[in-house]
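The values are calculated or read from the model by the stated rules, or taken from the named source; none is laboratory data. Quick caveat, the model's predicted, so the values are computed rather than measured. Because the Cβ atoms are built from the backbone with ideal geometry, glycine has one as well, and the counts that use them run over all protein chains shown.
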Amino acid sequence: MHYGRIHTVDEKSRTITFTHKGRRRRYYFQRAMYQRFSPFLRPGNFIALLAKAPRRRRGRLQWPIKDVYRIEQPGRRPRTLYSQRRMRCELARFVNSLGVKLFLDLEMSMHPYRKDDDFIQEIIQAGYILEDATGKVVQTYSRYIRPTRHEKVSLRTKKFLGVSQDDVDEGIDFSEFYEHFKEVLATYRPAVIVWGRNDSLSLKEAYEINDVLSLDDATRFVDLLSLHKNYLRRKNDIGLFKAYKAYGYEKENQLHDALEVARMTRAVFYGFQALVNANETLNI
């Protein structure tokens, strides 16, 4: 643990200096981390952080910052500007307050092996699990959806998702899914829990492709991947299948079925909820 009073802040090089163990040292942030903490980085504030082994950077010996635990503003009544513990407590309160939840997954058509500049990915399967505020399952949903622009699915799609052209041809129009989803949002007002941003972006594109009004304002998305990255202080993405196994669930093969992925997302959510409530960490 490195702790001290900040002497200087250099926005251009994303570095700060403070005295640690009697020696003035220079610490530098990765870009994303600096953007996160820059509002609190002021000369005179105290900071506690975890640093990696020093290295030469731009001709100077500098300590790469691995994590920030606390930043305080001194005074008669010192003010905590950032606390990792407080952040985790606030995250636990947020997770516990979501109420009605809809665990959603959307599977998309994939580009053909040959180049096709006109190809547009479209939703071809939707699956979700809807539960009330107590965790009781209210409804499950699984439907194939016929593409609007490209009716024939590519060989790559068939192989990756394990679907056939008949599966998709026997599906519903996007308009039918749209009306159903719209009604569920209006009736239950759920937190729509997804893994990553792809599902929300896919819906946004689908609204445009099908020339229907966007439901973004009525959809309260919760990105479970982003919550994991913030809580675990991870820079890189984590695969849902890897997270599922890290929480102790067993599955030999990763399936690309929308309802099955929704079930995995739900299981990971409850594993994460237990994690943040106990203020523990997870090794992924």
Given the conditions (1) over 20 Å from the mean Cα position of the chain (by Cα); (2) farther than 18 Å from S200 by Cβ; (3) among the hydrophobic types (A, V, I, L, M, F, W, C), and given that A92 satisfies all but one, which numbered condition is not satisfied? (1)
Free of Cβ contacts under 8 Å to residues at least 40 places away in the same chain, under 15 Å from K101 (Cβ atoms), of a type in the set (K, R) and assigned by TED's automatic domain parsing to the domain that holds A218: does that describe K136? yes
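Residues are listed down the side, and each one gets a yes or a no for (1) among the aliphatic types (A, V, I, L, M); (2) under 14 Å from the mean Cα position of the chain (by Cα); (3) assigned to a loop (DSSP other than H, G, I, E, B):
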position	(1), (2), (3)
L203	yes, no, no
V212	yes, no, yes
F221	no, yes, no
K229	no, yes, no
K235	no, yes, yes
T265	no, yes, no
Inspect all residues belonging to region 106-122 and state whether any of them is of a type in the set (K, R), in the same structural domain as V222 (by TED's automatic domain parsing) and at pLDDT 90 or above. no
From L81, L102, grab the single residue that is more than 18 Å from the chain's Cα centre (by Cα), among the aliphatic types (A, V, I, L, M) and either surrounded by 13 or more Cβ atoms within 10 Å (Cβ to Cβ) or within 30 Å of V137 (Cβ to Cβ) (or both). L81
Would you check if L130 is in a strand (DSSP E or B) and either in contact with a Phe, Trp or Tyr (Cβ under 6 Å, 6 or more places away or on another chain) or at pLDDT 95 or above (or both)? yes
Among (1) of a type in the set (S, T, N, Q); (2) out of contact with any helix residue (DSSP H, G or I) (no Cβ under 6 Å at 6 or more places or on another chain); (3) farther than 26 Å from Y34 by Cβ, where does N210 come up short? (2)
Answer residue from region 43-65, given it is of a type outside the set (A, V, I, L, M, F, W, C) and surrounded by 14 or more Cβ atoms within 10 Å (Cβ to Cβ) and is modelled with the lowest pLDDT among those: R57
What residue, among those in region 30-42 that are over 13 Å from R233 (Cβ atoms) and not small (G, A, S), is surrounded by the fewest Cβ atoms within 10 Å (Cβ to Cβ)? R31
Restricting the search to region 161-187, which residues are more than 20 Å from D216 (Cα to Cα), surrounded by 14 or more Cβ atoms within 10 Å (Cβ to Cβ) and within 28 Å of the chain's Cα centre (by Cα)? L161, V163
Would you confirm, using the coordinates I've provided, whether L225 is within 19 Å of F269 (Cα to Cα), of a type in the set (A, V, I, L, M, F, W, C) and not assigned by TED's automatic domain parsing to the domain that holds L49? yes
